[in-house]
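Presented below is the structure to which this report refers.
Bear in mind these aren't lab numbers, they're just calculated from the coordinates by the rules spelled out. These numbers come from a predicted model, not from an experiment. Here the Cβ positions follow ideal geometry from the backbone for every residue, glycine too, while neighbour counts run over all protein chains shown.
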Amino acid sequence: MVNLVDDPWLLAYPCEGTEVKEQSLRGLLLDAHQFRDLVVDFPTQKPALFRQVLLPVVLHALGRPRDTTAWVSLFQQREFTQDQRDRLDRYLDEHRHLFELFDDVNPFAQVANLEAVSGETKGTASLVVTAPTGNNVPLFSSRSDADPLELTPAQAARWLIHAHCWDTAAIKTGAVGDPKVKAGKTTGNPVGPLGQLGFVMPVGSTLYDTLLLNLPSGPAARSNDRPQWTRRNMNGKVEETHSVALPAWQPRAAEGLLDLWTWQSRRIRLFPEYTDAGVRVSRVIIAAGDRLSQVPDFEPHTAWTLEATGKTTRAKQRKPVPPRRPRRHQPGKAVWRGLDALLAVSREDREAQTNATGYATSILLDQLKARREEMPLDYPLQIEVFGVVYGNQSAIVEDVITDSIPLPLAALSDDSLARAVILEVVSQAEDLANTVNHLSADLRRALGGEPIPWDKGQRPGEVLLHALDDLVRRLLAGLRAAGENRDLVERGHLAWEQKAFSATAQVAERLLGSVPGSAFLGHTIQSDREQRTYRLATAEAGFWRQLDRILWRAAAERKSREQDGDQTTKAEEA
């Protein structure tokens, strides 16, 4: 009825033109060099489609590049060779029957004849994170839980794949044939595997480049590392076969990249219906699926937090602390503010200390450090991040995190000028925000009040970081074009400081302008050890000193101009 190999269901932007093209899996992969990027219904569908379908097909059909040299050779081709296209073609022909969306025996990423213990099905809103269902009701949604949501086969396929990656946790429908069902349901289900990460994805100028940028090099896959569509044994115990074609499931470790990328975190069944508009899907069953026992070290799409070496157990649970865990993205925090972790490509930058955590970048960015030497220095690399914020015991989606920044390849080198500038700019931005917050706190104390709590309300530092956001992104794009030209890089850094000074001064002046006259007299606070008086004048003077200390290049340039102006004036008077 609908075969994902040859029927169009994927949307992509072509390199030439602006009209979105609908493609089959075969057409998109074979001509990957002719497309810029995927077009999706919702941002988090993009990493799901790459992980569950595009990347594993390429990896299983062609194998992974064994080392940097092999990867660079693939990258410099700029497209699949005729031999590689033939191998992809043969692979898709061989496995075509496993990509039938509504097959009676092997429906793609589903369990045929899956039944709920209750005999009921649910609306497809359970698949779609933007649709209201139960307690998960998006703000200002025009739909209600009772409204039927009809999906085309293409939409259903994309949301099916999305559910395996990002589905919410907690209670799931109990399936007939699942021995772990209790009272018609399963509990303790974790969120989908991508929901446990701060997903980091390098993106290139074409879909072909993006596939390669997300393909780590290394040894060939082990024989037991296979994609989900080849693990559909109908006989035997799931613990022995690792089959995804049965209602039964198990907690286990991933056996390799193919297994990890196509992880079936749910047992799902779509119910197609014939309507006047064609085949539509409005009912679904979503039951418990395999549980990933831990995020493996070979997970390529996340940066890592390295636990302090002196910390071995969690105080409350008394459970062992894993030495490394995925770094989650913080809501409202632009990706450039976490570049210190993403650029941690040298051991001395990232090792954990006895009482302090460390961090490591993603495997893909770490490997890109070696690959970059054979790539154009001005290559338009983008870093995209994705994440989901879950609420109410991870049973609902509260927020979705997505962001993208240009990243100069030179920044991946330990001793590059671009890397040093980026890390300094990120540090300067945070210091400026803290300085503005301190000014706000001192002004409030001068009026006899209390500073804004760090976890309540909007502090002025966040307003400033928002104002600096575009400036940082423009600097990153400029550094990519400048390469390692010291003069251009230093001029760009000075220009950033000058603009950052102006933006910070504007935020500060609004704070100072809103303070009533009583702040001039100040307010004295008595503590156990000392007595301190807070006044507007001292708060303002301290702020400007800190601003000049943080943005010292801009301060030196300004003072130099002032001195030149004074000398010119004296000369004219003489």
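Using only alpha carbon pairs under 8 Å that are at least six residues apart, calculate the relative contact order of the chain and give it in whole percent. Before the final figure, lay out the partial values.
On the way: 1024 pairs, mean separation 69.9, N = 574.
That works out to 12 percent.
With R₀ fixed at 45 Å, the C-beta to C-beta distance from Asp378 to Glu398 puts the FRET efficiency at about 0.70. Placing unit charges on the Cβ atoms only, positive for Lys and Arg and negative for Asp and Glu, gives segment 10-292 a dipole magnitude near 800 debye about its Cα centre.
Ranking Thr275, Thr402, Thr302 by Cβ neighbours within 10 Å, fewest first, what do you get?
By the 10 Å Cβ count, ascending, the order reads Thr275, Thr402, Thr302.
A 24 angstrom limit on the alpha carbon distance is what I want to check against. Which of Lys182/Lys237; Lys172/Lys456; Lys185/Lys237; Lys122/Lys180; Lys333/Lys499; Lys46/Lys185 exceed it? Checking Cα-Cα distances, Lys172/Lys456; Lys46/Lys185 exceed 24 Å.
Extending 7 Å from Cα along the Cβ direction at Arg558 and again at Val20 yields two label points whose distance is 4.7 nm.
Model label sites at Gln294 and Thr230, defined 7 Å from Cα along the beta-carbon direction, differ in position by 2.7 nm. Would you please give the FRET efficiency between Ala505 and Asp276, computed as 1/(1 + (r/R0)^6) with r the Cβ-Cβ distance and R0 = 56 Å, to the nearest 0.05? The calculated FRET efficiency here is 0.35. If you model the chain as an ellipsoid using its alpha carbon gyration tensor, with each semi-axis the square root of five times an eigenvalue, the axes come out at 49, 30, 23 Å, biggest first. A DSSP coil position with no more than 10 other Cβ atoms inside 10 Å describes none of the trypsin sites (Lys or Arg not before Pro) in segment 149-217.
Using the Cβ of Trp9 as centre and a radius below 13 Å, the other residues enclosed give a net charge of -2, where K and R count +1 and D and E count -1. Taking a straight Cα-Cα cut-off under 17 Å and skipping sequence neighbours fewer than 8 places away in the same chain, the aspartates and glutamates within cross-link reach of Lys559 are Glu497, Asp548.
Seen from Gly27, the other residues with C-beta closer than 13 Å to its C-beta sum to a net charge of -2, counting Lys and Arg as +1 and Asp and Glu as -1. Pairs of alpha carbons in segment 440-556 separated by more than 22 Å make up 48% of all such pairs. The slack in the chain from Glu424 to Thr538, taken as 0.36 nm per residue of separation less the alpha-carbon distance, amounts to 38.2 nm.
Full extension of the segment from Glu150 to Thr130, taken as 0.36 nm per residue of separation minus the current Cα-Cα distance, would add 5.8 nm.
Excluding Asn437 itself, what net charge comes from residues whose Cβ is under 11 Å from its Cβ, given Lys and Arg +1 and Asp and Glu -1? Please report the intermediate quantities before stating the final value.
Working: positive: Arg444, Arg459; negative: Glu430, Asp431, Asp442, Glu462.
Combined, the nearby Lys, Arg, Asp and Glu give -2.
Computed extension length for Thr81-Ala477: 139.4 nm, one decimal, from 0.36 nm per residue of separation with the Cα-Cα distance subtracted.
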